[in-house]
1. Along the positive direction of the dipole of the chain (beta-carbon charges: Lys, Arg +1; Asp, Glu -1; about the Cα centre), which of Asn83, Gly16, Ile69 reaches farthest?
2. Residues of the stretch 35-57 with the amide nitrogen closer than 16 Å to a label point 7 Å from the Cα of Ser70, along Cα-to-Cβ, please.
3. Under the 0.36 nm per residue contour assumption, what length would be gained going from the current alpha-carbon distance of Ser25 and Gln3 to full extension?
4. Along the Cα-to-C-beta direction of Ser17, a point sits 7 Å from the Cα; which residues of the stretch 71-93 have their amide N less than 13 Å from that point?
5. With a 1.4 Å probe and all protein chains left in place, how much of the accessible area of the chain comes from carbon and sulfur atoms, in whole percent?
6. How big is the charge dipole of the chain about its Cα centre, in debye rounded to the nearest 20, if each Lys and Arg gets +1 on its Cβ and each Asp and Glu gets -1 on its Cβ?
7. Give me the accessible area of Arg38, 1.4 Å probe, in Å² rounded to the nearest 10.
8. Determine how large the accessible area of Lys43 is when every protein chain is in place; take a 1.4 Å probe and give Å² rounded to the nearest 10.
Amino acid sequence: QAQLVESGGGLVQAGGSLRLSCTASGSALSFNSMAWYRQGPGKQRELVALITSGGSTNYGDSLKDRFTISRDNAKNTVYLQMNSLKPEGTAVYYCNARTPRWTYWGQGTQVTVSS
């Protein structure tokens, strides 16, 4: 089992930056991938960014230029650096981690971007 705890959300003006962190704890920490998803008001949950255990990354549409995902395996932590935030980025951001058998989710952290 694993637990994921996100931090770093908050209120930011359009054009600003935030860095989200997600730290994993528990016994099942050999994740094939870790990722960030987001769910805006009235919208479906969507992939923001993903990083594999080997360091390969994948980003949601139109986000690669402004968002950067990184991973510190020694700290069991994944980060999401978000720059040039836009109001449409207002959402709950969820951390996700996958093993061959299990998928884990964090509780989410709210990001609000004011115009």
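The values are calculated or read from the model by the stated rules, or taken from the named source; none is laboratory data. Being a predicted model, the structure only gives us computed values, none of them experimental. Cβ atoms come from the backbone with ideal geometry, glycine included; neighbour counts cover every protein chain shown. Just so you know, the surface numbers come from the protein's heavy atoms only, side chains and all, with ligands and any DNA or RNA stripped out. Shrake-Rupley method; radii C 1.70, N 1.55, O 1.52, S 1.80 Å.
1. Ile69
2. 50-52, 55-57
3. Full-extension gain reported as 7.4 nm.
4. Label zone hits: 80-85.
5. 45 percent
6. For the chain, the charge dipole is close to 120 debye.
7. The value for Arg38 is about 30 Å².
8. About 120 Å², rounded to the nearest 10.
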